[in-house]
Structure formats: C-alpha cells, structure tokens
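Take a look at the structure below.
The values are calculated or read from the model by the stated rules, or taken from the named source; none is laboratory data. It should be emphasised that the depicted structure is a prediction, and the values quoted were computed from it without experimental measurement. Using ideal geometry, Cβ is built from the backbone for each residue, glycine included, and neighbour counts are taken over all protein chains shown. Only protein heavy atoms, including side chains, enter the accessible area calculation; ligands, DNA and RNA are left aside. Shrake-Rupley method; radii C 1.70, N 1.55, O 1.52, S 1.80 Å.
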Amino acid sequence: MQIRPYQETDRPFLRTLYLASRKAAFGWRDTSNYQLEDFDGATLGEAIWVAEDGGALLGFVSVYREDNFIHNLYVDPHQPPRGVGSALLHAAQATFTATGSLKCLVKNEKALAFYRKHGWRIISTGNDGEEDYYLMHSPARYPFPAASGIPRSVSRQNSNALRLTPAPSQQTPLQPAQAYTWVPAKAPSPLPTA
C-alpha cells in the first residue's frame, strides 16, 4: 500500500468514497442530502493524501496544514480492515509541526475508538450547532518533523511493528508532498548470547 499526494484524477472516486463512507459512518443522521460535491467543499484548501494499492484507491486523509488539523480521514467502507486508516493517520501525523488536532463526533464510537487506540486523547467537548463532538490531540510522544526529522518507525497497539519509508523513487527525508509506502518493519535481530 502506498500513501501518496492527491492528484486531480482522484477526485471522481474520492467523491464517491467520501459520500459512501459518511453514509456508512453516520447511521444516526439523515444523510439524504449528502452529495458527491460535498468532498470538494470539505477538502478545499487542505493537503490531501491518498491510500492506493495496485491502482485501487482505498481511502484519504485531508489536513489543514496551518493548524496541524486532520479534517477528514475516510476509508472505503467496502474494504476489509487492513491498516489503511492507520497508515493514513500516521502519514498525516508525520507532517505535523506541532501537536495535531481533530474533531470526532461523540456518536461516532468506531472513529473515537480508532483514534484512542492510536494514542489520541480527548481535550474538550464542543457543539457545532447540530451535534456534540470531542476535540482530540495527537500523542505527545509523536516526534514533529520540524524538531527531529520525519519518524521512520511507529508501532501499533497490538505490537505489530510497522515502518513508514519513502517510496522507492524518494531517497530524501519525507516531505508533505512526497509519496509514502507503508510496509511491515523487520523484526530486530536477537542479541548474541555468550
């Protein structure tokens, strides 16, 4: 799976994915007014990264870079769980220059569990005029590129190590516009015994 910058040719599929994902995630809402074009307004002025595997688009994350704010993270609801959301989240976090933030609707228990599993914590609650949400902050332990370079290793809660590495064509430290390849990390070699 590769995490790469958005291309305009991704728009038709991501519009469809955004619509289907929101309808699947927000079962308590009346989603009859949701439209394909909602994607355009929801991501306007944001950096977008896309998860792709063998030419198939699997999900996307959009970040308002000035505030290190994850505005959208959606995965194709027809795909089986395989780490797409985690890969997108880690790629977004790798671009943060300070603590990241996001809003998660209180009723979206699945998303809340996902972010908490990845170390995000609830800072406060709010209401957008329609629904209550949690304001969440990224894990404090996550290194910021401006201070220490892009992290090369991250680990999941379930102890399966994963590694974020540059795509084969990228040999310099990762920058926000570069592609990422999400690959399993190699297990460390055992220490020799005397």
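Can you find even one residue in the range 72-82 that is aliphatic (A, V, I, L, M), within 13 Å of MET136 (Cβ to Cβ) and open to solvent by 10 Å² or more (accessible area, probe 1.4 Å)? Working first, answer last.
Here is the first cut: in the range 72-82, the residues aliphatic (A, V, I, L, M) are 73, 75.
In the following step, the residues that additionally are within 13 Å of MET136 (Cβ to Cβ) were identified as 73.
Now restrict to residues that are open to solvent by 10 Å² or more (accessible area, probe 1.4 Å): 73.
Within the range 72-82, one or more residues are aliphatic (A, V, I, L, M), within 13 Å of MET136 (Cβ to Cβ) and open to solvent by 10 Å² or more (accessible area, probe 1.4 Å).
Run THR97 past the list (1) touching a strand residue (DSSP E or B) at 6+ places or on another chain (Cβ under 8 Å); (2) within 12 Å of VAL63 (Cβ to Cβ) and report the number of the one that doesn't hold.
Status for THR97: all satisfied but (1).
Step by step: first the residues of the range 119-143, then only those that are assigned to a loop (DSSP other than H, G, I, E, B) and open to solvent by less than 40 Å² (accessible area, probe 1.4 Å), then the one that is nearest to ALA42 (Cα to Cα). Which residue is that?
Restricting to residues being assigned to a loop (DSSP other than H, G, I, E, B) and open to solvent by less than 40 Å² (accessible area, probe 1.4 Å), the top hit is GLU131.
Considering only the range 2-12, state which residues are under 19 Å from HIS78 (Cβ atoms) and exposed (fewer than 15 other Cβ atoms within 10 Å of the Cβ).
Of everything in the range 2-12, just one residue is under 19 Å from HIS78 (Cβ atoms) and exposed (fewer than 15 other Cβ atoms within 10 Å of the Cβ), namely PRO12.
May I ask you to say which residue of ASN72, ASN68 is under 19 Å from GLY119 (Cβ atoms) and in contact with a strand residue (DSSP E or B) (Cβ under 8 Å, 6 or more places away or on another chain)?
It is ASN68.
Whether any residue in the range 67-83 is of a type in the set (D, E, K, R) and within 22 Å of ARG121 (Cβ to Cβ) is what I want to check.
So in the range 67-83, the residues of a type in the set (D, E, K, R) come out as 67, 76, 82.
From what's left, within 22 Å of ARG121 (Cβ to Cβ): 67.
The answer is yes, given that some residue of the range 67-83 is of a type in the set (D, E, K, R) and within 22 Å of ARG121 (Cβ to Cβ).
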